[in-house]
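Comments concern the structure below.
The values are calculated or read from the model by the stated rules, or taken from the named source; none is laboratory data. Just so it is clear, the model here is predicted, and its values are computed rather than measured. Cβ coordinates were reconstructed from backbone atoms using ideal geometry, including for glycine residues, and neighbour counts include every protein chain displayed. Side chains included, ligands, DNA and RNA excluded: accessible areas come from the protein's heavy atoms. Shrake-Rupley method; radii C 1.70, N 1.55, O 1.52, S 1.80 Å.
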Amino acid sequence: MKRTIFWALFASALSTTAQETISVSVSNPLRQERTDQPVIIPLAKYGDVRSALVTVDGREIACQLDDLDQNEQYDELCFLADLGKKEKKTYTVTLYHEGEPRPYPARVYAEMLMRNDKVKEKNRHNNYIESITARGDCANSYNLQHHHGVDFESELNGIRIYFDKRQTLDLYGKFKKRLELHETQFYTSEEQKQQGYGDDVLWVGNTFGLGAFRGWNGQEPTMIDPVRSRTQRVVAYGPLRTIVEVEDRGWQANTSKPAVNMTLRYTQYAGHRDTDVDVSFNKDVSDYRFSTGVINVKGSEEFSDRKGLRGCWGTDYPSTDTVKWKRETVGLAVCIPRKFIVSEEPANKDNYAFVVKTDGSRMNYKIIYTSANEEFGYHSAREWFDFLEMWKKEVEQPIQVKY
């Protein structure tokens, strides 16, 4: 009996210290250096992974474990690769079935806040939440959250998504490469402005802003309304990527077709000014039509390659209050795989729009922007449009991963 108990305890100890090592080959197909390139490893076949270590050339680098479906088990491992021209590197990934994820410095940030009536400063609210759902008949979901919806950032950008039928992406322009939204909460004080913090740089109204996903009625974009409910949640906080989701249940996207459930997932990687947008539905909606694009900033100059990349460069006030606010110059763009494009619509006073469709129940695209305030960015339409062409080349020729 004692021997049986001993071997049972011994076997249990072995199981809790079990680990697996994976050799990951990562290569760059382009003749240009690339930094912070995401490498994603699905973990389903590796069992209950609890911690991980990633090394390259004998050096530890940051990694991140994410529970995407919120079932208390990690689904993916993420790390970021730096590669020279046509370079190939081998990374060693060790997965452990015990412990906790290793801590690394945060390079991204995400935040959801309810107002705290006892706090007077607009950038000091502290009622943090992780998810919120409003019924479709909610009178004013826009004002439920402190800064009107979830926000997130990398060192290069900052975005908030309005929690209402527009679900528009509004933009935060930075001067320096750093994380700022925890300090400013999208409401930069005069003292912070003197210290070089950024601020809101775009007026969006009912437009797409930067790449909002909308319906299409055959003539113009339609709002995400009516719905049975709408939800915002933070799925992953970092340190290398943040993931936020917007879920619309019972959306009557087409008045002649059944209502659908839609989830928009926004993924922001460290070191990136672009953001991944993944759209999924609970059924095949390939016969529905949708729309996205970017706002036609007042007096803006348009750019399009007629193959899914479309953007603009323009200057306007980010608010109707033209006394308090100064005019801001931004460059915007959306990049959509051609298989999802139905048409590229003529520009109008509001938007540079695409009509799009899904591949069954899914589609994806990327959004990107710059503020002319940046010390590290772009300061003319020509610079921005040249960058967009280079960016699309990288999008269409991602790094290659084998393991």
SASA check, Lys357, accessible area w/ 1.4 Å probe, all protein chains in place, rounded to nearest 10 Å², comes out at 70 Å²
For Ser300, tell me the accessible area in Å² from a 1.4 Å probe, rounded to the nearest 10. 20 Å²
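Take every Cα pair under 8 Å in the chain that's 6+ residues apart, average their separations, divide by the length, and report that relative contact order as a whole percent. Walk me through the numbers before you get to the answer.
Working: 994 pairs, mean separation 59.7, N = 403.
After rounding, I find 15 percent.
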Please work out the Cα center distance from the stretch 248-279 to the stretch 282-298, rounded to the nearest Å. 10 Å
Springs between alpha-carbon atoms under 10 Å, Gaussian network over the chain: tell me which of Gly209, Gly136, Gly58 tops the mean-square fluctuations. Gly58
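Could you check how much of the accessible area of the chain is carbon and sulfur, as a whole percent, using a 1.4 Å probe? Could you put the intermediate results ahead of the total?
Working: 8870 of 18730 Å².
Answer for the chain: carbon and sulfur cover 47 percent of the accessible area.
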Given an 8 Å cut-off on Cα distances and at least 6 residues of separation, report the relative contact order of the stretch 251-349 as a percent. 17 percent
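For the stretch 181-244, what is the accessible area per residue in Å² when the probe is 1.4 Å?
37 Å²
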Which of Ala212, Ala381, Ala353 moves most in a GNM of the chain, Cα contacts under 10 Å? Ala381
With label points built 7 Å along Cα→Cβ from the Cα atoms of Arg31 and Asp287, find their separation and express it in nm. 5.0 nm
Could you give the semi-axes, largest first, of the ellipsoid that matches the chain, computed as the square roots of 5 times the alpha carbon gyration tensor eigenvalues and rounded to whole Å? 37, 25, 24
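Of Lys174, Lys326, Lys402, which has the most accessible area and how do the rest follow, probe 1.4 Å?
These residues rank, largest area first, as Lys402, Lys326, Lys174.
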From zero outward in steps of 10 Å, how is the percent of C-alpha pairs of the stretch 254-315 spread across the bins? 15, 33, 34, 17, 1
Among Phe290, Phe213, Phe175, the residue with the largest mean-square fluctuation in a Gaussian network model of the chain built from Cα contacts under 10 Å is Phe175
Rounded to a whole number, the Stokes-Einstein D of the stretch 301-371 in µm²/s (Kirkwood radius over Cα pairs; 10 °C; 1.306 mPa s) is 116 µm²/s
Averaged per residue, what accessible area in Å² does the stretch 358-403 show with a 1.4 Å probe, protein chains only? 51 Å²
If I fit a long axis through the Cα atoms of helix 381-396 and take the longest principal axis of the Cα atoms of the chain, what angle between them do I get, 0 to 90°, rounded to 10? 40 degrees
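Report the far tail of the P(r) of the stretch 278-398, meaning the percent of Cα-Cα pairs longer than 24 Å.
On the way: 2422 of 7260 pairs.
In whole percent, the share of Cα-Cα pairs in the stretch 278-398 beyond 24 Å is 33.
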Based on the alpha carbons, how large is the Rg to Rh ratio for the stretch 207-363 when Rh follows Kirkwood? 0.98
In whole percent, the Cα-Cα distances of the stretch 208-263 spread across 5 Å bins from 0 upward as 5, 16, 22, 21, 16, 9, 6, 3, 1
Compute the long axis of helix 2-16 from its Cα atoms, compare it with the longest principal axis of the Cα atoms of the chain, and write down the angle in degrees, 0 to 90, nearest 10. 30 degrees
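Per DSSP H run of n ≥ 4, the term is -39500 (n - 2.57); total these for the chain, divide by its residue number, and report the mean residue ellipticity at 222 nm rounded to 500 deg cm²/dmol. Before the final figure, lay out each step's value.
On the way: 4 runs with 40 residues, N = 403.
Estimated from H runs of four or more residues: -3000 deg cm²/dmol.
Based on the Cα gyration tensor of the stretch 99-236, what are the three equivalent ellipsoid semi-axes, each the root of five times an eigenvalue, rounded to whole Å and given largest first? Walk me through the numbers before you get to the answer.
On the way: eigenvalues 140, 67, 55 Å².
Value: 26, 18, 17 Å, ordered largest first.
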Using a 1.4 Å probe on heavy atoms of the protein chains only, the accessible area for Cys138 in Å², nearest 10, reads 50 Å²
Semi-axes of the stretch 25-151 from the Cα gyration tensor (sqrt of 5 times each eigenvalue, largest first, whole Å) come to 37, 19, 15
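What whole-number value in Å² describes the accessible area per residue of the stretch 5-158 for a 1.4 Å probe?
The answer is 53 Å² per residue.
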Quick one: what Rg and Dmax do you get for the stretch 116-159 from the alpha carbons, in Å? 12.6, 37
